[in-house]
1. With springs connecting C-alpha atoms under 10 Å apart, model chain A as a Gaussian network and identify which of A:Ala55, A:Ala74, A:Ala98 has the largest mean-square fluctuation.
2. Which longest run of chain B has no exposed loop site in it, a site being trypsin sites (Lys or Arg not before Pro) in a DSSP loop with at most 15 other beta carbons within 10 Å, and the site itself not part of the run?
3. Cut-off 20 Å, label point 7 angstrom out along Cα-to-Cβ of B:Gln356: give me the residues of region B:151-172 whose amide nitrogen falls inside.
4. Peptides B:316-329, B:279-292: what's the order by average Cβ count within 10 Å, highest mean first?
5. Starting from the Cα of A:Glu41, step 7 Å along the direction of its Cβ; do the same at A:Glu94; then give the gap between the two resulting points in nm.
6. For region B:103-250, what are the per-bin percents of Cα-Cα distances with bins 10 Å wide, up to the bin holding the maximum?
7. Going by Cα centres, region B:213-256 and region B:58-135 are how many Å apart?
8. Could you go through region A:36-42 in sequence order and give the Karplus-derived ³J(HN,Hα) for each residue, using 6.51 cos²θ - 1.76 cosθ + 1.60 with θ = phi - 60°, rounded to whole Hz, and x for Gly and Pro?
Amino acid sequence: MIWPEAIQELIEEFIEIEDKFEKLEVLMDFSSEVIELPSDEWDESNRVHGCQSQAHVVVTLEDEKVSISCGADAKIVQGLMGIMSIAVNGSTCEEVIALTPDFAEEMGILNSLTPSRSNGFRTMFDMVKNSVKEMM
Amino acid sequence: MLKDQFPILSRQVNGKKLVYLDNAATTQKPQCVIDAMTHYYGQSNANVHRAVHTLAGEATEGYEECRKLLKERYNAERAIITSGTTESINLVAHAWGRSNLSKGDVIVLTEMEHHSDIVPWQMLSQEFGVELRFVGINDDYSLDMEMLEEAVKGASLVACVHTSNVLGIRNDIESLIKISKSVGARVLLDSAQAVPHELIDFKELGCDFMAFSAHKMCGPTGIGALLVSEEAFAEMSTFMGGGDMIETVTLDHSTYQKNEHRFEAGTPRIAEGVGWAKALEWIDGIDLENEHSRLLGIARGVAKGLQDLGMTIYSGLGDLDAAVVSFTHPSIHPEDFARLLDAKGIAVRTGHHCAQPLMARLGISGTIRASFYLYNDQSDADDLLEVTKLIVERMS
């Protein structure tokens with residue numbers, strides 16, 4: 001599959017890291033890419049189901065471009081949210097809808113996560129796409 | 001070495017030697033158990049009890065051997081084979097609860113229960129109006145026995161976890177049984193975490209129901225048992241209907257088996273029964289008392305090491321408790337912890353461990369839990385501490 005440039009770069013960066021521990025450390029660094037959703041705005045309406053830990057995502061549309069703000073209590077989830085932010089923020093609705101979370105598998109981060117966490121990432125992705133669809 | 005009997009322990013995870021410390025969730029299987037199940041499917045597979053051909057005879061013998069060994073090992077009159085602890089408890093709720101309890105009757109539980117010893121009773125309570133009373137725990141995680149003495153007044157059933165899957169605490173079930181029996185209540189023990197660590201004499205213990213699973217004692221998944229006293233067995237009504245549990249069936253009505261088969265409708269877990277029988281034989285050759293002390297020694301060392309690294313420990317680790325170390329770090333999320341440990345080949349459990357009311361009582365949302373079993377040794381503990389130290393350094 002041909003990915004948008006930003007995602008392709010991410011895939012290449014992660015593929016190079018063989019050690020799982022290191023891969024997770026790098027993933028956690030991506031938490032800095034997140035537009036933070038303050039914890040007092042975490043509620044049932046923006047909760048990501050399927051995650052064992054707390055994870056919340058809010059999608060907004062500004063000048064026809066998608067933007068997500070996210071919050072999570074686990075650092076690895078924050079890192080996943082950072083990756084998702086890079087994939088989604090600034091894209092058009094059509095571009096977001098065309099995306100699949102499979103790039104995370106290519107990066108080797110879905111493999112290094114438990115099924116429930118992987119499902120959480122997929123759920124998070126679906127949540128964003130569904131919100132975008134509703135806004136269109 | 002005992003470890004060598006477990007093929008899975010020689011595999012690598014994420015490029016590292018597997019250190020398996022999630023034994024309270026499930027244990028690994030020795031080669032002899034795997035071989036017994038493979039042999040059964042390769043040589044003896046047939047349905048049990050009815051047919052007269054040779055394979056059916058071998059299958060029946062293999063499956064019933066499991067029941068025989070259970071009765072012998074635990075000195076029990078009745079051993080109903082189920083899918084595991086959860087089904088065993090649900091069986092009591094359905095087969096005993098529904099025919100012996102009605103609106104206003106009281107069931108006593110504790111704050112320490114696994115969800116499988118809460119939810120079936122909540123369902124029964126919602127349907128029949130049975131009252132549920134919960135006994136709290138003290139700050140040292142022991143059961144509040146004064147509260148128990150109050151709660152059992154007028155109770156029909158007391159259902160309690162024998163050894164906590166979260167804290168490793170082995171409850172004073174001898175006193176609990178005595179107190180419960182003094183008011184005429186039936187007693188059910190969730191012994192899923194106790195059976196792997198201690199040899200229990202069911203009759204001497206004097207409870208009515210004891211539920212446990214094979215897979216926590218090196219046996220297969222999908223099979224467990226409910227030991228039942230003769231008195232309680234006589235009070236149980238049929239639950240699931242179908243083949244194997246009947247004597248005769250006409251279009252008008254059916255008559256049922258008088259023995260344990262009455263509660264084992266349908267084709268049972270034959271290969272699993274064969275595998276569990278082998279696991280029971282295998283574990284019979286192990287000095288559990290000695291092993292228990294050895295594992296406790298390792299777990300105590302781990303708890304001390306983790307404390308030195310800034311962790312809060314939620315475990316008893318008294319002489320009778322299981323070798324389970326539950327812990328949290330003040331700032332590192334348990335899931336991050338477990339994920340990073342896994343990246344180094346170390347398997348632990350995180351989360352609420354299916355005991356959310358206990359988590360609420362402890363004021364936490366989850367813990368990281370390292371649980372030790374027969375094949376674990378000091379090197380596993382050292383690996384855990386070493387990687388934990390690395391994680392704390394990197395994440396601080």
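1. A:Ala98
2. Numbers: sites that count: B:Arg11, B:Arg50, B:Lys103, B:Lys153, B:Lys258.
The longest uninterrupted stretch comes out as B:259-396.
3. The answer is B:161, B:165-167.
4. Values: B:316-329: 22.6, B:279-292: 15.3.
Packing order, densest peptide first, comes out as B:316-329, B:279-292.
5. Simple spin-label model gives 2.9 nm for this pair.
6. Histogram of Cα-Cα distances, whole percents per bin: 10, 38, 36, 13, 2, 0.
7. Here the two parts' Cα centres lie 11 Å apart.
8. Calculated HN-Hα couplings, in order: 6, 8, x, 4, 6, 9, 6 Hz.
Taken together, the values in this text are just the output of simple stated rules run on the coordinates, not laboratory data. Source: prediction; values computed, not measured. When we count neighbours, we look across all protein chains shown, and the Cβ atoms used for this are built from the backbone with ideal geometry, even at glycine.
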